[in-house]
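Dropping a structure here in structure tokens format, bear with me for questions.
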Amino acid sequence: MAKSFKGLLSKNQELKKESNLETENERLREKIRHLENNQDKDISLVKLSDIKLSSNIRQDDFNYNYEEIEILATDIEKNGHLQPVLISKDNYLLTGFRRYHAILYLSQNNRGADEILSYSYNKLHSDISDEELINIQLAENFQRREIDNFQLSKLYNELIFNGYNQQKLAEKFKKSKSFVSMVVSINKIDFELVKFLKQFQIFGWSEKKFNALNFLENTDEYYIKEFEKFKNLIGISSLNNIAKHENIQEQKKAFLKIFKNRLTDEEIKSDYFQDVLFKNEKTNEQKFDKLFKYTKALSNSIEKFDDLPKDTIKQLKSNINQIEKTLNKISLNLKL
């Protein structure tokens, strides 16, 4: 009997947790030892209300809506806040934005204190250059969790705005110039498409499709495999295939060609994609009209072959008739 997607996913996660339990426990113990042995870094508890926010390479208009803040908050609630955030001498948050938001979430929901474990960077925020701040955040993010190509694009474009060219970026990050060029171009992708792409990295599909599949009672293990395959960072090649189009309609078409199966029918038929879908329908109708004209002309031409046996002509016309029926079926399915 097929189990629900939610049940299978839960079981899959349980098995992974069991297999990695000792590793996870050792990781937590190591964190505790690290903190205990680094008291010279001026670790202290700071009130959340005293923390000031500066910009960071992960921050954008919607990023924290789709980050797993609640999951991180639950982990902190269970295991404690073991990794301090980094603040400037005047309490500006420099690294640890996800941890800050997770602990803020716990505090706002009466599940935690209104203080956060912090250690101080021995400079005022105003004395830290933009490049120094980026380097601090980049170093911490690469060590703790891989940043995605959208965040990397934001970083590269900020550096270009501050005087870098693509050649200097390639040298700084030890990447090829073509890679840097593709990453830089990602900021051209339409905002609505980026929102979907961000969701794919978290849920495997769009959030709506994930939730729909998650509560189906007869979902088989195929979806577990698909979830594991899809739930990861979007590769630069796929993003570049979308970003290379200046026209938003062309971006939508490129996006649907790659990611259509990750959306719900409702999302595909939404107003946002209608201009592209309508145009595709018109193009398909025109193509089928041409095909029907060709088959009609072919049928008429056969009549003119007096030297062909009647049985052969009859067989050819029957074949053409069958082709027209098949084309009709395909055309009808495309319209549904």
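Is there a residue being in contact with a Gly (Cβ under 6 Å, 6 or more places away or on another chain), surrounded by 15 or more Cβ atoms within 10 Å (Cβ to Cβ), at pLDDT 85 or above and over 21 Å from Phe203 (Cβ atoms) anywhere in the range 106-126?
Within the range 106-126 (the criterion being in contact with a Gly (Cβ under 6 Å, 6 or more places away or on another chain), surrounded by 15 or more Cβ atoms within 10 Å (Cβ to Cβ), at pLDDT 85 or above and over 21 Å from Phe203 (Cβ atoms)), the answer is yes, since at least one residue qualifies.
On to the next question. What residue, of Gln151, Gln167, is part of a helix (DSSP H, G or I) and either modelled with pLDDT under 85 or basic (Lys, Arg) (or both)?
Gln151
Report the residue count in the range 154-164 for those that are modelled with pLDDT of 85 or more and under 17 Å from Gln201 (Cβ atoms).
Looking only at that region, the number is 0.
Within the range 303-311, can one find any residue that is basic (Lys, Arg), under 22 Å from Phe203 (Cα atoms) and at pLDDT below 75?
no
Would you mention how many residues in the range 84-122 are small (Gly, Ala, Ser), in a loop (DSSP other than H, G, I, E, B) and farther than 21 Å from Ile136 by Cα?
Selection size over the range 84-122: 2.
With touching a Leu at 6+ places or on another chain (Cβ under 7 Å), modelled with pLDDT of 80 or more and either closer than 30 Å to Lys314 by Cα or among the aliphatic types (A, V, I, L, M) (or both) as the only criterion, which of Ile234, Ile224 stands out?
Ile234
In addition: Select, from Val180, Val194, the only residue that is at pLDDT 85 or above, assigned to a helix (DSSP H, G or I), in the same structural domain as Phe259 (by TED's automatic domain parsing) and touching a Phe, Trp or Tyr at 6+ places or on another chain (Cβ under 9 Å).
Val194
Are there any pairs with C-beta distances below 7 angstrom linking a residue in the range 150-173 that is surrounded by fewer than 20 Cβ atoms within 10 Å (Cβ to Cβ) to a residue that is small (Gly, Ala, Ser), with the two at least 6 apart or on different chains, and if so which?
Partner pairs satisfying both residue conditions: Gln166/Ser181; Ala170/Ser176.
The values are calculated or read from the model by the stated rules, or taken from the named source; none is laboratory data. These numbers come from a predicted model, not from an experiment. Positions of Cβ are generated from backbone atoms using ideal geometry, with glycine treated the same way; all protein chains shown enter the neighbour counts.
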